[in-house]
Amino acid sequence: MSFNFFVNSNITFGRGALACLADVIRGYGFKSAMIVYDEGVRAAGIAGKVLAQVKESGAEYIVFDGVIPNPTNEVVEEAADMAKKAGVDGFIAVGGGSSIDLAKAVNVLMTNPGRIGDYGGMNKVKTPCLPLIAIPTTAGTSSEITNVSALIDTEKVIKYVIIDNKLVATDVIADPELTATMPKSVTAATGMDAITHAVESYISNMATPLTEYNSLKGLEILYRNLPAAVENGNDMEAREQMMLGCIITGFAFSNANLGLVHGIAHTLSAHFGLAHGMANATVLPYVMRYNAESCPEKMASLAEAIGIDLSGEQEKDQYLLSDALLKLTRRLGIKTLSEQGIDEKDLDMVADDVLKEPVLGFNPRQGVTKEAVLDILKQAY
């Protein structure tokens, strides 16, 4: 058996890690960097801390602070035009998955021709990108170390992904202190996003021994620490462990890919603007129950990883994980689809579009039908 496992980022991890940013920038010798963040990062005071480090480095810079949740092609193109006019030679992305994904996408257009929509799919980026320093402020998407950028095509009304090893950030500064300002709801949703990554990458039909190890270890850490991080945002040990689990899990799904949960979440985000983590969390328990019969031994292993004692009866053990995840989502206050404003009459349309999602090709249970997706959506409703 042979397989590839790709990891490319230099990671500085731990409380206070942001203090090394000036040295990292000086190491690149940026003449003009683009700093990418959103209004929430600015309001939390994090942008100010980052900009102080950039100024200390002596580098010139411009700011793009127009990041929106689920970034669109139009926003990417706007930021790329700004970056090209400024002659940017490097990027610093600060925030959650939206900020980092947008910076990755803009980076593609700095060294490759055409429009960003041309690069949807796998391995379409031909020319290496510029240096990118990723500074996550959430523990959920793992975008800081993955080879994925997720974007919305507003014309096609789809959420699509660019997957290419050239997208991976060259440096990551993972400082859990930057996650302390996250509201409980965001901590819960992003944490469940990370748990989804761990579970889906473990049962992916592209999983390998190396990805499986990272999936299990990441899940163990995330499941143990997420409730504490949500219930007490000042619990820095839990915050630090969540960021660690998120990175470990990112190594897994960046190599093994994801499945039906993300297929549904992408469709919900494209049509209704649902936050990615919340959309994943809402359907995760039900998709795991649906997938269980296709990989019962793996489902049992995932249950063991979160501390559940197995009965030894496969017919029962394969559903322990889905039951535990449902309890966890309820404990964390994850909203149902109806609570997120979805109309039941729209579920049929959603189910149709889910079947078009390329990520279904990595799901362990193949031959997903519209009826199966509708059943999952109705359970999550």
For the range 104-149, name all the residues that are under 20 Å from the mean Cα position of the chain (by Cα) and polar (S, T, N, Q). 107, 123, 137, 138, 141, 142, 143, 146, 147, 149
Please indicate, with yes or no, whether at least one residue in the range 184-202 is within 30 Å of residue 32 (Cβ to Cβ) and at pLDDT below 95. no
Output the qualifying pairs, or none if there are none: Cβ atoms under 9 angstrom, residues six or more apart or on different chains, first residue in the range 53-67 and touching a residue at least 60 places away in the same chain (Cβ under 8 Å), second residue open to solvent by less than 70 Å² (accessible area, probe 1.4 Å). none
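For (1) part of a helix (DSSP H, G or I); (2) touching an Asp or Glu at 6+ places or on another chain (Cβ under 9 Å); (3) surrounded by 21 or more Cβ atoms within 10 Å (Cβ to Cβ), each residue gets a yes or a no:
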{"position": "278", "(1), (2), (3)": "yes, yes, yes"}
{"position": "283", "(1), (2), (3)": "yes, no, yes"}
{"position": "293", "(1), (2), (3)": "yes, no, no"}
{"position": "302", "(1), (2), (3)": "yes, no, yes"}
{"position": "310", "(1), (2), (3)": "no, yes, no"}
{"position": "315", "(1), (2), (3)": "yes, no, no"}
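Could you check the range 83-101 and list, in sequence order, the residues that are out of contact with any helix residue (DSSP H, G or I) (no Cβ under 6 Å at 6 or more places or on another chain) and part of a helix (DSSP H, G or I)?
Narrowing the range 83-101 to residues out of contact with any helix residue (DSSP H, G or I) (no Cβ under 6 Å at 6 or more places or on another chain): 84-89, 92, 96-101.
84, 85, 86, 97, 98, 99, 100, 101, listed by residue number.
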Which is open to solvent by 60 Å² or more (accessible area, probe 1.4 Å), outside any helix (DSSP H, G or I) and charged (D, E, K, R), of 327, 335, 378? 335
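Looking at the range 2-9, can you tell me whether even one residue there is touching a Ser or Thr at 6+ places or on another chain (Cβ under 6 Å) and either among the hydrophobic types (A, V, I, L, M, F, W, C) or touching a residue at least 40 places away in the same chain (Cβ under 8 Å) (or both)? Break it down into steps so the answer makes sense when it comes.
Step one: of the range 2-9, the residues touching a Ser or Thr at 6+ places or on another chain (Cβ under 6 Å) are 3.
Filter again for either among the hydrophobic types (A, V, I, L, M, F, W, C) or touching a residue at least 40 places away in the same chain (Cβ under 8 Å) (or both), leaving 3.
Yes, the range 2-9 contains at least one residue that is touching a Ser or Thr at 6+ places or on another chain (Cβ under 6 Å) and either among the hydrophobic types (A, V, I, L, M, F, W, C) or touching a residue at least 40 places away in the same chain (Cβ under 8 Å) (or both).
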Any residue at all in the range 349-371 that is open to solvent by 40 Å² or more (accessible area, probe 1.4 Å), under 22 Å from residue 203 (Cβ atoms) and among the polar types (S, T, N, Q)? yes
Could you give every pair whose Cβ atoms fall below 7 Å, whose first residue belongs to the range 81-95 and is of a type outside the set (S, T, N, Q) and at pLDDT 95 or above, and whose second residue is part of a helix (DSSP H, G or I) and open to solvent by 50 Å² or more (accessible area, probe 1.4 Å), counting only separations of at least 6 or pairs across chains? 90/28
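Taking the range 338-347, which residues are assigned to a helix (DSSP H, G or I) and either exposed (fewer than 15 other Cβ atoms within 10 Å of the Cβ) or not hydrophobic (A, V, I, L, M, F, W, C) (or both)? So that I can check it myself, show each step before the final result.
From the range 338-347, those assigned to a helix (DSSP H, G or I) are 344-347; that's our starting set.
Across the range 338-347, the qualifying residues are 344, 345, 346.
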Take the residues of the range 152-190 that are acidic (Asp, Glu) and in a strand (DSSP E or B): which is surrounded by the most Cβ atoms within 10 Å (Cβ to Cβ)? 171
(1) out of contact with any Pro (no Cβ under 7 Å at 6 or more places or on another chain); (2) open to solvent by 10 Å² or more (accessible area, probe 1.4 Å); (3) assigned to a helix (DSSP H, G or I) all hold for residue 240 apart from (1)
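Could you please let me know if residue 63 is assigned to a strand (DSSP E or B), closer than 11 Å to residue 36 by Cβ and over 19 Å from the mean Cα position of the chain (by Cα)? Spell out the reasoning first.
On the way: assigned to a strand (DSSP E or B): yes; closer than 11 Å to residue 36 by Cβ: yes; over 19 Å from the mean Cα position of the chain (by Cα): yes.
Answer is yes for this residue.
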In the range 193-214, what residues are in a helix (DSSP H, G or I) and small (Gly, Ala, Ser)? 194, 198, 201
Which residues, taken from the range 26-55, are outside any helix (DSSP H, G or I) and touching a helix residue (DSSP H, G or I) at 6+ places or on another chain (Cβ under 8 Å)? 30, 32, 33, 34, 35, 36, 37, 38
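The values are calculated or read from the model by the stated rules, or taken from the named source; none is laboratory data. Since this is a predicted model, take the numbers as computed values, not measurements. No Cβ is skipped: glycine too gets one built from the backbone with ideal geometry, and neighbour counts run over all protein chains shown. Just so you know, the surface numbers come from the protein's heavy atoms only, side chains and all, with ligands and any DNA or RNA stripped out. Shrake-Rupley method; radii C 1.70, N 1.55, O 1.52, S 1.80 Å.
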